[in-house]
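Chemist: If you scroll down you'll find the structure; I have some questions about it.
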Amino acid sequence: MVQKKKSVLKNIYIGTEALSHCRNFLNQRTYQKYVILCDQNTQRLCLPLLLANCPVLREAEIIEIEAGESSKCLEVALQVWHGFLEQKAGKHSLLINLGGGVVSDLGGFCASVYKRGIDVINIPTSLLAMVDASVGSKTGIDFGGVKNSIGTYHEPKAVFIDPIFILTLPPREMKNGLAEAIKMALIADKTFWLAFNKPNTAIDDKFISRALTIKAKIVAKDPFDKGIRQSLNYGHSIGHALEALFAKRRNPLLHGEAIVMGMIIENHLAYQIKLLGKKECDLINAFLIHSFKPLPLSRKDAEACLSFLNHDKKNTANELKFSLLTGIGACKTQVSVGAGKITKALQYYCHTVK
Ligand SMILES: NC(=O)c1ccc[n+]([C@@H]2O[C@H](COP(=O)([O-])OP(=O)(O)OC[C@H]3O[C@@H](n4cnc5c(N)ncnc54)[C@H](O)[C@@H]3O)[C@@H](O)[C@H]2O)c1
C-alpha cells in the first residue's frame, strides 16, 4: 500500500511499492550526478535492494560513513563535502540518503549548503527514520557536545519508505523507533496510543503511515518550529540532555532510549505543575517503563543532566521551557518550569526506574 493521496503525505511514498515510485521519480528527472550516502550497515543490508529496484543508481557514487550518532558531526560532514567535490558533484546533483536518522540528518545538512543547496531524497531504513526523522525538513549535526546545535531546514524532494528494510533491524533499534512513534501518539492521537496497548500491533506500512501523518500534520501547520511543532519536542529537552551526557560513555544511549527517559521525567514535571493528572502520569509512565525498560539514573547523572539542560536550544534566557502533555493525545508547548521542579522530577525517575 502506498500512501500518496493524503496531501499531508505529499511526495511521501510508504509501502511495498515505494522503491518502484523511487525508480519512476528518478526516470522522470535528469540529474548530473547521483550520490548515495549510507553507513556501513545500510551499504551492506539496504543498498543491494535499492540498486536492484533503481538500475539508474548503479552509476551513483557511494559515500559510506561509520554507523551511529558519532558520525553526526562536523568532521564527518567535512568528509562528505570532500566526497562531493572529489566526485565533481555539481549544482544539479541528487543526494540519496539511504539509512537511519543519522544519515538523513547529516546528508540533508551537507546537501543543504553544498553549492548553496542540492536536491535530496530520503530512503529511510530504520524505524525511527521511517516514523520521524526522514520527514519535516530538519537537518543537522551535533556540535560542542550539544545535539543538533548546527542545522538547516532542507526539504527532501521525496521520501520513499519501504518497510522491508526494517526486517534486518536489530530489536534494540526497533524499540528505538517505537519510542518516537509512541511520542506522536501521546502528543496528538489517543486512539493511536490505544493501539500500542494492544498485544501484537503490527509494525507495518499502516503503522508507519499513522505515526508519520501525525508528524506531517504538525509540520504542515508550523514548518519552522515557531509554535505547535515544538510539541514534537516532548521528551526531548531532558532526552537530548541525557543523550549528550551518555554520548561519551561506554554505554551511549540510542536517541529513542533517551527520549523514553525524557518522556517519563517530563510527565512528572507536567504532573507537578498540574497539567497532567496523577492517574494519567502513572499510567503512561508505567507503560513506558514496562515496555522500554529504560536505564536507571544515579544522583550524579541527574545533576549532570540539569547542567546540560542549560545548553538546550529550547531554553531562552534563564527559563527552562518544555513541551508537556496535558493528557493522552494533547500537548502544551513553551511551558516554563523552574530548576527545583526539574530536580524533583529527576529524583522521581531515580527512585522509580530501578
Ligand atoms: N530530523 C528530524 O526531524 C529527526 C527526528 C528524530 C530523530 N532525528 C535524529 O535521528 C537520529 C537517530 O536515528 P536512527 O535511530 O535511525 O539512528 P541511525 O541512523 O544511527 O540508525 C540506527 C542504527 O541502525 C542501523 N540501521 C539502519 N537501517 C538498518 C537496517 N535496515 N538494517 C540494519 N541496520 C540498520 C544503522 O546502521 C545504525 O547502526 C538522531 O541523531 C536524531 O537526532 C532527527
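Chemist: Under 7 Å between Cβ atoms, which residue pairs at least 6 apart in sequence (or on different chains) link something in region 136-148 that is closer than 12 Å to Glu69 by Cα with a partner that is part of a strand (DSSP E or B) and more than 7 Å from the ligand (Cβ to nearest atom)?
Modeler: Qualifying pairs under 7 Å: Gly140/Ile150; Ile141/Ile150; Asp142/Ser149; Phe143/Ser149; Phe143/Ile150; Asn148/Asp142.
Chemist: Looking at Pro124, Pro156, Pro170, Pro163, which is the one that is farther than 27 Å from Cys305 by Cα and near the ligand (Cβ under 7 Å from one of its atoms)?
Modeler: None of the others qualify; the one that does is Pro170.
Chemist: Being under 25 Å from the mean Cα position of the chain (by Cα) and either buried (at least 20 other Cβ atoms within 10 Å of the Cβ) or more than 15 Å from the ligand (Cβ to nearest atom) (or both) is the filter here, so list the residues in region 48-61 that pass it.
Modeler: Residue satisfying the conditions is Leu50 alone.
Chemist: Take the residues of region 47-68 that are in a helix (DSSP H, G or I) and touching a helix residue (DSSP H, G or I) at 6+ places or on another chain (Cβ under 6 Å): which is nearest to Phe109 (Cα to Cα)?
Modeler: Leu57
Chemist: Separate question: In region 240-269, which residues are assigned to a loop (DSSP other than H, G, I, E, B) and open to solvent by less than 40 Å² (accessible area, probe 1.4 Å)?
Modeler: Scanning region 240-269 gives Leu253, Leu254.
Chemist: From Gly145, Gly136, Gly151, which residue is touching a helix residue (DSSP H, G or I) at 6+ places or on another chain (Cβ under 7 Å), closer than 30 Å to Ile238 by Cβ, among the small types (Gly, Ala, Ser) and more than 9 Å from the ligand (Cβ to nearest atom)?
Modeler: Gly145
Chemist: Okay, next question. Working only within region 100-133, note down all residues that are in contact with a His (Cβ under 6 Å, 6 or more places away or on another chain) and closer than 20 Å to Ala216 by Cα.
Modeler: Hit for region 100-133 is Gly108, nothing else.
Chemist: In region 31-38, is there at least one residue being away from the ligand (no atom under 15 Å from the Cβ), surrounded by 16 or more Cβ atoms within 10 Å (Cβ to Cβ) and not aromatic (Phe, Trp, Tyr)?
Modeler: Yes: one or more hits.
Chemist: Within region 142-236, considering only helices (runs of 4 or more DSSP H) that don't extend past its boundaries, which have at least 3 residues that are touching an Asp or Glu at 6+ places or on another chain (Cβ under 8 Å)?
Modeler: Those helices (runs of 4 or more DSSP H) span 171-188, 205-221.
Chemist: For a quick check of your reading of the model, give me the residue pairs whose first member lies in region 26-45 and is part of a helix (DSSP H, G or I), whose second is within 16 Å of the ligand (Cβ to nearest atom) and of a type in the set (D, E, K, R), with beta-carbon atoms closer than 7 Å and at least 6 apart or on different chains.
Modeler: The qualifying pairs are Gln40/Glu64; Gln40/Glu66; Gln43/Glu64.
Chemist: If you scan region 235-268, which residues turn out to be more than 11 Å from the ligand (Cβ to nearest atom), small (Gly, Ala, Ser) and closer than 18 Å to Arg299 by Cα?
Modeler: Ala241, Gly262
Chemist: Still on this structure, I have one more. Just give me the residues in region 81-113 being surrounded by fewer than 21 Cβ atoms within 10 Å (Cβ to Cβ) and either within 16 Å of the ligand (Cβ to nearest atom) or in a helix (DSSP H, G or I) (or both), in sequence order.
Modeler: Within region 81-113, Trp81, His82, Gly83, Leu85, Glu86, Ser112, Val113 meet the criteria.
Chemist: Answer with yes or no whether Val120 is in a strand (DSSP E or B) and either in contact (Cβ under 8 Å) with a residue 12 or more places away in the chain or of a type in the set (Ser, Thr, Tyr) (or both).
Modeler: The answer is yes for Val120.
The values are calculated or read from the model by the stated rules, or taken from the named source; none is laboratory data. Owing to the predicted nature of the structure, the values given are computational and were not obtained by experimental measurement. Counting neighbours? That spans all protein chains shown, and the Cβs are built from the backbone with ideal geometry, glycine included. Each accessible area value is taken on the protein alone, full model and side chains, heavy atoms only, with ligands, DNA and RNA left out. Shrake-Rupley method; radii C 1.70, N 1.55, O 1.52, S 1.80 Å.
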